[in-house]
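Chemist: Starting off with a structure, shown below.
The values are calculated or read from the model by the stated rules, or taken from the named source; none is laboratory data. Just so it is clear, the structure is predicted and the values come from calculations on it, not from any experiment. Glycine gets a Cβ as well: all are built from the backbone with ideal geometry, and neighbour counts include every protein chain shown. Only protein heavy atoms, including side chains, enter the accessible area calculation; ligands, DNA and RNA are left aside. Shrake-Rupley method; radii C 1.70, N 1.55, O 1.52, S 1.80 Å.
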Amino acid sequence: SPNGTLLFAGRLLENAYKRFPDKAALITPQRTLTYREFYFRTILLSKKFAEYNIKPRDRVILFYENSIEFFIAYFAIWQLGAIVVPINTFLHERELAHIINDSMPGLIFTSPTLKPKLDTLILGQHLASLPPVLSNDAIDWQTSAPARVEDVFPGFAVQELAPDELCVLLYTSGTTGVPKGVMLSSNNVMTNVLQGYARFAANGMTHDERFFCVLPLFHVFAQNSCLWLPIMI
């Protein structure tokens, strides 16, 4: 920012929308979203999460394959001031149950493909119960994105956490024991983003570049280089 402070990570998408509303933000074989539509769909999902009483500092598990839905849900969580908990889509039942017990989420957002894994946890009695589980049908793809998103949601504001508060909870692979939660603040995220930008900018990178994302997005390196960094740029 002009005063030298780091932007709250949950404002990255809002900032990109204001700068580049008509630029392509996400491209898959199935669809392309501009920053305007990306931001609009994300606010709609934030409001859906809020209906389930998700508030600042609540934890929301993101159990989803690489997809546009992953990006939308990630920022929908952040924009509520909630904590994103992206977890490995290849986890075994015991590891998955441990992370749910350990992170104490208020909500789980998952794909139709992965939801049966969660159902199995209850049937197998790995958990006593699950928090509410939402899937991709919670994303509104029908409503047309407006010319100005802020005109449709005049009362919506990103809920900011303090820069040193937890905003992402990442779990280790658990190769030497059970997975352990690694806590990242907004300042951790933004510092990593700026370090990456400094390295790439030295090689002449501009905001017209495209990032080809093939790494699993539940990994921190993939989030840094495929999710936070491109949107910041």
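Chemist: Could you tell me how many of the residues in region 175-224 are assigned to a helix (DSSP H, G or I) and among the polar types (S, T, N, Q)?
Modeler: Initial filter on region 175-224 (assigned to a helix (DSSP H, G or I)): 186-201, 220-224.
Restricting the remaining residues to those that are among the polar types (S, T, N, Q) gives 186-188, 191-192, 195, 223-224.
The number of residues fulfilling the criteria is 8.
Chemist: Return the pair list, or none, for Cβ contacts closer than 6 Å from residues in region 159-180 that are more than 20 Å from ILE100 (Cβ to Cβ) to residues that are open to solvent by 20 Å² or more (accessible area, probe 1.4 Å) and outside any loop (DSSP other than H, G, I, E, B), at least 6 apart or on different chains.
Modeler: Pairs found: PRO163/ASN187; ASP164/ASN187.
Chemist: Quick check, is LYS47 out of contact with any strand residue (DSSP E or B) (no Cβ under 9 Å at 6 or more places or on another chain), among the charged types (D, E, K, R) and either at pLDDT 95 or above or closer than 18 Å to HIS219 by Cβ (or both)? If you could, list the steps in order and put the result at the bottom.
Modeler: Numbers: out of contact with any strand residue (DSSP E or B) (no Cβ under 9 Å at 6 or more places or on another chain): yes; among the charged types (D, E, K, R): yes; either at pLDDT 95 or above or closer than 18 Å to HIS219 by Cβ (or both): yes.
When the stated conditions are applied, LYS47 passes them.
Chemist: One residue is enough: does region 200-211 have a residue meeting the conditions within 19 Å of LEU166 (Cβ to Cβ) and of a type in the set (A, V, I, L, M)? I'd like the intermediate steps shown before the answer.
Modeler: First, the residues of region 200-211 that are within 19 Å of LEU166 (Cβ to Cβ): none.
No, because not a single residue in region 200-211 is within 19 Å of LEU166 (Cβ to Cβ) and of a type in the set (A, V, I, L, M).
Chemist: OK, next. Among the residues of region 116-123, are any part of a loop (DSSP other than H, G, I, E, B) and out of contact with any Lys or Arg (no Cβ under 7 Å at 6 or more places or on another chain)?
Modeler: No, region 116-123 contains no residue that is part of a loop (DSSP other than H, G, I, E, B) and out of contact with any Lys or Arg (no Cβ under 7 Å at 6 or more places or on another chain).
Chemist: Also, quick follow-up: Looking at (1) closer than 20 Å to MET183 by Cβ; (2) surrounded by fewer than 19 Cβ atoms within 10 Å (Cβ to Cβ), which is the only condition LEU91 fails?
Modeler: (2)
Chemist: Further, regarding this structure: Looking only at region 163-181, which residues are of a type in the set (Val, Ile, Thr) and within 15 Å of the chain's Cα centre (by Cα)?
Modeler: Of all residues in region 163-181, those of a type in the set (Val, Ile, Thr) come to 168, 172, 175-176, 178.
Within region 163-181, VAL168 is the sole residue that qualifies.
Chemist: Within the set of pairs 6 or more residues apart or between chains, which connect a residue that is without any contact (Cβ under 8 Å) to a residue 24 or more places away in the chain and more than 20 Å from ASP102 (Cα to Cα) inside region 74-87 to a residue that is of a type in the set (Gly, Ala, Ser) and open to solvent by less than 10 Å² (accessible area, probe 1.4 Å) with Cβ atoms less than 7 Å apart?
Modeler: none
Chemist: Continuing with the same structure: Tell me yes or no: at least one residue of region 140-148 is of a type outside the set (Ser, Thr, Tyr) and within 15 Å of the chain's Cα centre (by Cα). Reasoning before the result, please.
Modeler: Kept after step one, since they are of a type outside the set (Ser, Thr, Tyr), are these residues of region 140-148: 140-142, 145-148.
Filter once more, keeping what is within 15 Å of the chain's Cα centre (by Cα): none.
Among the residues of region 140-148, not one is of a type outside the set (Ser, Thr, Tyr) and within 15 Å of the chain's Cα centre (by Cα), which makes the answer no.
Chemist: Just checking, how many residues over region 9-29 are polar (S, T, N, Q) and exposed (fewer than 14 other Cβ atoms within 10 Å of the Cβ)? Spell out how you get there, then give the answer.
Modeler: Just the residues of region 9-29 that are polar (S, T, N, Q), to begin with: 15, 28.
Now narrow it down to the ones that are exposed (fewer than 14 other Cβ atoms within 10 Å of the Cβ): 28.
Matching residues across region 9-29 total 1.
Chemist: Right, next: Filtering region 137-161 down to residues that are in contact with a Pro (Cβ under 7 Å, 6 or more places away or on another chain) and open to solvent by 50 Å² or more (accessible area, probe 1.4 Å), which residue is modelled with the highest pLDDT? Before the answer, list the steps.
Modeler: Taking region 137-161 as the starting set, the residues that turn out to be in contact with a Pro (Cβ under 7 Å, 6 or more places away or on another chain) are 152, 159, 161.
Going one step further and asking which of them are open to solvent by 50 Å² or more (accessible area, probe 1.4 Å), we end up with 152, 159.
On the way: VAL152: 91, GLN159: 96.
That would be GLN159.
Chemist: Out of all the residues in region 87-100, is one or more closer than 21 Å to SER186 by Cβ and assigned to a loop (DSSP other than H, G, I, E, B)? Before the answer, list the steps.
Modeler: Let us first name the residues in region 87-100 that are closer than 21 Å to SER186 by Cβ, namely 87.
So of that shortlist, the ones also assigned to a loop (DSSP other than H, G, I, E, B) come out as 87.
Yes, that holds for at least one residue.
Chemist: What are the residues in region 94-116 that are of a type outside the set (Ser, Thr, Tyr), farther than 20 Å from VAL84 by Cα and either touching a residue at least 12 places away in the same chain (Cβ under 8 Å) or surrounded by 13 or more Cβ atoms within 10 Å (Cβ to Cβ) (or both), if any? Spell out the reasoning first.
Modeler: First, pick out the residues of region 94-116 that are of a type outside the set (Ser, Thr, Tyr): 94-102, 104-109, 112, 114-116.
From what's left, farther than 20 Å from VAL84 by Cα: 94, 116.
If the condition is that a residue be of a type outside the set (Ser, Thr, Tyr), farther than 20 Å from VAL84 by Cα and either touching a residue at least 12 places away in the same chain (Cβ under 8 Å) or surrounded by 13 or more Cβ atoms within 10 Å (Cβ to Cβ) (or both), then ARG94 is the only one that fits.
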